[in-house]
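Report on the structure given below.
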Amino acid sequence: MSPTGRELHALWSVVRRNFHLVRRYLGWELVFLFYNVINTLTIALIAFALPPADRDRTIIYLTIGALLWNFLSILFQEVASSVSWERWEGTIEYSFMAPIHRLTYLAGVCMYAVLYGVLRTIVILVAVALFFHIHLARADWLGAAMILAGSSLPFIGLGLIGAVLPLLSTERGAQATQVIQGVILLVSGIYYPISVLPGWIRWMSHLSPATYTLEAARRAILNGEGPLHLLPLTIKLFLSGLILVPLGLAVFQLAEHWAMRNGTLKRSG
Amino acid sequence: MDEGSVSPNAVAVEGQGLWKGFSTKKWVGTKRQVTRSYALKGVDLAVKRREILGILGPNGSGKSTLIRLMATLLIPDQGWLKVFGLDVIRDRQRVRRLINRVSVEASFFKKLTARENLAYAAGLYGVSNAKAQVEATRILASLGLQRDKLEVPLETLSRGQQQKIAIARALLTSPTLMLLDEPTTGLDPTSRRDVQEFVLNVRREHDSTMVLCTHDMAEAERLCDRIAIIHEGRIIAVGTPADLIASYASGGGLEDAFFHITGLDQERLRAEAEGDG
Ligand SMILES: Nc1ncnc2c1ncn2[C@@H]1O[C@H](COP(=O)(O)OP(=O)(O)OP(=O)(O)O)[C@@H](O)[C@H]1O
Ligand SMILES: [Mg+2]
């Protein structure tokens, strides 16, 4: 096998391993999916308390928030918890002493996260569409897809930075990733415009890639703005990804080196 | 030189002045105290090609830490370590291609089957999955594990059965240096014998060098060409089993030599004396 072939083979085996795990935890997967669907529906149902004139638009507004948050939080969580998961299983030393580039391992984790996130989001989208008989005639799907692709990168970058924390401290790290996720949820305007946030936290909204993703997705789907209009936002997202992903990788490698010095790769201690 | 090949005369493992410490934090009242204790305190070692070197030592003496340094999982505080002439820090990637490790705790995805775990391993080491499965089935048959055990989640297997799969997993990547950290702990006498036979076979048939940590004196005597005795982070004796017995326990066995070298016999005598008095 050529060196590149070997790395690709390894990348695929990380993706396959994770799908094997999904299959083994299928019961839980279904339960979580069920919960996600219900959660999305209950959020969208809030719109039915509004006067009929605002209803349709609000349903879509809220559904976009719920779906995107679902996708982005899966990306962040899968990438960020990959290390703590392997540590918990006791496989981390085995995976990390393999003769592959760390980039390959992490690319495998990210690729799985994207595939898995897309699959789950599609299921929820279908469920919501059936439930509400939504008409999305004005939507520009190409624009929405472009935004989704653009937002994946910065979230993978954030996930990588989140994944570093459990390398540094076993339990605190895993706790910290939850906190980060919570803050992103609060400041990114998932279910409300960021203008409703108190001034002292609103500045954080501008740092979260999710804010731009949501804004762009809403403009594409609600206003039918085409790719050309959304290009500046997409470029912004893409650029933030170009900064965050290499930053995440670099930080990850530093943290791994640190863990090898301090003996924190091990499951216990 | 091809990345995977090594010069035939190279020493398999060579290290000098290896120190490794770990910090532990604890709270005393409102103050955080960091204490640093050393697992290895200036270890020198050399393992010849095709040799099986045994490492014997009491619990906590630094055996696994030493293995982790060779496995590129830990970075020493001081000293250097080379595997087939390659530095474990600078040439980490190339070293990794030459080694594999079987650890005490079988590190598997426990919900996955052995086959799924082996597929993952094969992927990481650039072995084709089909070939890996055939090879693993063959290895496991010679270790006395039934085929159908490969198809069920690993958590349903006994510790010994899991350990056998860990050994097969390590072997199917044909490592030039095999690191065995208590591979037979928890195995029944027959299985232990199977594994030992197997280790000897692998050494005969393949061109591999092994470092073996164990608490089983008979196993050490049977498998190892030389034995290093480590105590409180220092290697305090090295030699063939016969040499060690001759120098430290003439008329006795390896166990007597071990107790003598680690000073545990003194402690035992003292304890017995106190018990009598
Ligand atoms: N990652 C770590 N973090 C903190 N301390 C550690 C770590 N690894 C080892 N130690 C400490 O280093 C010492 C040596 O541990 P090591 O695991 O090398 O012993 P060992 O000889 O393998 O023991 P055993 O026979 O019980 O397996 C112990 O005191 C242990 O607590
Ligand atoms: Mg040990």
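The values are calculated or read from the model by the stated rules, or taken from the named source; none is laboratory data. Small disclaimer: the values here were computed from a predicted structure and weren't measured. Cβ atoms come from the backbone with ideal geometry, glycine included; neighbour counts cover every protein chain shown.
Is it the case that some residue within the range A:221-237 is within 16 Å of ligand 1 (Cβ to nearest atom), over 18 Å from the mean Cα position of the chain (by Cα) and of a type in the set (A, V, I, L, M, F, W, C)?
No, because not a single residue in the range A:221-237 is within 16 Å of ligand 1 (Cβ to nearest atom), over 18 Å from the mean Cα position of the chain (by Cα) and of a type in the set (A, V, I, L, M, F, W, C).
If I ask for residues that are outside any loop (DSSP other than H, G, I, E, B) and either facing another protein chain (nearest Cβ under 8 Å) or in contact (Cβ under 8 Å) with a residue 60 or more places away in the chain (or both), which ones from the range B:95-116 would you list?
Listed by number, the residues that qualify are B:R96, B:R97, B:L98, B:I99, B:N100, B:R101, B:V102, B:E116.
In the range B:108-154, what residues are closer than 22 Å to A:W12 by Cα, more than 25 Å from the chain's Cα centre (by Cα) and charged (D, E, K, R)?
Selection gives B:K111, B:K131, B:E151.
For the range B:234-260: of the residues being within 19 Å of the chain's Cα centre (by Cα) and of a type in the set (V, I, T), which is surrounded by the most Cβ atoms within 10 Å (Cβ to Cβ)?
Among residues in the range B:234-260 that are within 19 Å of the chain's Cα centre (by Cα) and of a type in the set (V, I, T), the one surrounded by the most Cβ atoms within 10 Å (Cβ to Cβ) is B:I235.
Considering only the range B:60-83, state which residues are within 10 Å of ligand 2 (Cβ to nearest atom) and in contact (Cβ under 8 Å) with a residue 24 or more places away in the chain.
Across the range B:60-83, the qualifying residues are B:S61, B:G62, B:K63, B:S64, B:T65, B:L66, B:I67.
Within 14 Å of chain A (Cβ to nearest Cβ), within 16 Å of ligand 1 (Cβ to nearest atom) and not hydrophobic (A, V, I, L, M, F, W, C) - does that describe any residue in the range B:148-156?
no
Can you list the helices (runs of 4 or more DSSP H) lying wholly within the range A:75-170 that have 3 or more residues being within 14 Å of chain B (Cβ to nearest Cβ) and of a type in the set (S, T, Y)?
A:102-132
Since B:G85 meets every condition but one in (1) away from ligand 1 (no atom under 16 Å from the Cβ); (2) at pLDDT 95 or above, which condition does it not meet?
Of everything listed in (1) away from ligand 1 (no atom under 16 Å from the Cβ); (2) at pLDDT 95 or above, B:G85 misses just condition (2).
Could you please tell me which pairs satisfy a Cβ distance under 7 Å, a separation of 6+ or placement on different chains, a first residue in the range B:201-218 that is under 16 Å from B:S142 (Cβ atoms), and a second residue that is small (G, A, S)?
Hits for this filter: B:V202/B:S208; B:H206/B:S174.
Answer with yes or no whether B:A119 is within 12 Å of chain A (Cβ to nearest Cβ) and either assigned to a loop (DSSP other than H, G, I, E, B) or at pLDDT 90 or above (or both).
Spelling it out, B:A119 is indeed within 12 Å of chain A (Cβ to nearest Cβ) and either assigned to a loop (DSSP other than H, G, I, E, B) or at pLDDT 90 or above (or both).
Does B:V238 fit the bill of being part of a strand (DSSP E or B), within 23 Å of B:A46 (Cβ to Cβ) and either within 14 Å of ligand 1 (Cβ to nearest atom) or of a type outside the set (D, E) (or both)? Before the answer, list the steps.
Numbers: part of a strand (DSSP E or B): yes; within 23 Å of B:A46 (Cβ to Cβ): yes; either within 14 Å of ligand 1 (Cβ to nearest atom) or of a type outside the set (D, E) (or both): yes.
When the stated conditions are applied, B:V238 passes them.
Just to be sure before I move on: is B:A130 hydrophobic (A, V, I, L, M, F, W, C), within 12 Å of chain A (Cβ to nearest Cβ), in a helix (DSSP H, G or I) and away from ligand 1 (no atom under 16 Å from the Cβ) in the structure I sent?
Taking the combined requirement at face value, the residue does not satisfy it.
Pairs, please: C-beta under 8 Å, at least 6 apart or cross-chain, first residue closer than 15 Å to A:T91 by Cβ and in the range A:102-115, second among the acidic types (D, E)?
Short answer, once both residue conditions are applied: A:V109/A:E78.
Going through A:S82, A:S73 one at a time, which residue ends up being surrounded by fewer than 21 Cβ atoms within 10 Å (Cβ to Cβ) and under 23 Å from the mean Cα position of the chain (by Cα)? Talk me through it step by step, then tell me what you get.
On the way: A:S82 fails: surrounded by fewer than 21 Cβ atoms within 10 Å (Cβ to Cβ).
Exactly one residue qualifies, and that residue is A:S73.
Any chance the range B:25-33 includes a residue that's within 14 Å of chain A (Cβ to nearest Cβ), over 20 Å from the mean Cα position of the chain (by Cα), at pLDDT below 95 and within 16 Å of ligand 1 (Cβ to nearest atom)?
yes
Looking at the range B:52-78 only, could you name the residues that are out of contact with any Gly (no Cβ under 8 Å at 6 or more places or on another chain), away from every other protein chain (no Cβ under 14 Å) and small (G, A, S)?
Within the range B:52-78, B:G54, B:G57 qualify.
Is it the case, given these coordinates, that A:I201 is out of contact with any strand residue (DSSP E or B) (no Cβ under 8 Å at 6 or more places or on another chain), more than 16 Å from ligand 2 (Cβ to nearest atom), over 25 Å from A:M146 (Cβ atoms) and part of a helix (DSSP H, G or I)? I'd like the intermediate steps shown before the answer.
On the way: out of contact with any strand residue (DSSP E or B) (no Cβ under 8 Å at 6 or more places or on another chain): yes; more than 16 Å from ligand 2 (Cβ to nearest atom): yes; over 25 Å from A:M146 (Cβ atoms): yes; part of a helix (DSSP H, G or I): yes.
Judged against the criteria, A:I201 is a match.
Would you check which residues across the range A:115-131 are surrounded by fewer than 17 Cβ atoms within 10 Å (Cβ to Cβ) and either acidic (D, E) or over 14 Å from A:I59 (Cα atoms) (or both) and list them?
If the condition is that a residue be surrounded by fewer than 17 Cβ atoms within 10 Å (Cβ to Cβ) and either acidic (D, E) or over 14 Å from A:I59 (Cα atoms) (or both), then A:L115, A:V118, A:L119, A:I122, A:V123, A:V126 are the ones that fit.
Is it the case, given these coordinates, that B:E155 is in contact with a Leu (Cβ under 8 Å, 6 or more places away or on another chain) and either of a type outside the set (A, V, I, L, M, F, W, C) or in a loop (DSSP other than H, G, I, E, B) (or both)? Explain how you work it out, then say what you get.
Working: in contact with a Leu (Cβ under 8 Å, 6 or more places away or on another chain): no; either of a type outside the set (A, V, I, L, M, F, W, C) or in a loop (DSSP other than H, G, I, E, B) (or both): yes.
No; evaluated as a whole, the condition is false for this residue.
Regarding the range B:190-206, can at least one residue be identified that is aliphatic (A, V, I, L, M) and outside any helix (DSSP H, G or I)?
So far as the range B:190-206 goes, no, none of its residues is aliphatic (A, V, I, L, M) and outside any helix (DSSP H, G or I).
Could you go through the range A:49-57 and let me know if any residue there is buried (at least 21 other Cβ atoms within 10 Å of the Cβ), part of a helix (DSSP H, G or I) and away from chain B (no Cβ under 14 Å). Full working, then the answer.
Initially, the range A:49-57 is screened for residues buried (at least 21 other Cβ atoms within 10 Å of the Cβ), giving none.
Within the range A:49-57, not a single residue is buried (at least 21 other Cβ atoms within 10 Å of the Cβ), part of a helix (DSSP H, G or I) and away from chain B (no Cβ under 14 Å).
B:T173: more than 16 Å from ligand 2 (Cβ to nearest atom) and among the β-branched types (V, I, T), yes or no?
Here the answer is yes, as B:T173 does meet what is asked.
Starting from residues that are within 16 Å of ligand 2 (Cβ to nearest atom) and over 20 Å from B:G252 (Cβ atoms), keep the ones in the range B:211-233 and report whichever is surrounded by the fewest Cβ atoms within 10 Å (Cβ to Cβ).
Ranking the qualifying residues of the range B:211-233, first place goes to B:E232.
Since B:D181 meets every condition but one in (1) acidic (D, E); (2) in contact with a helix residue (DSSP H, G or I) (Cβ under 7 Å, 6 or more places away or on another chain); (3) away from chain A (no Cβ under 14 Å); (4) closer than 23 Å to B:D207 by Cβ, which condition does it not meet?
The single condition B:D181 does not satisfy is (3).
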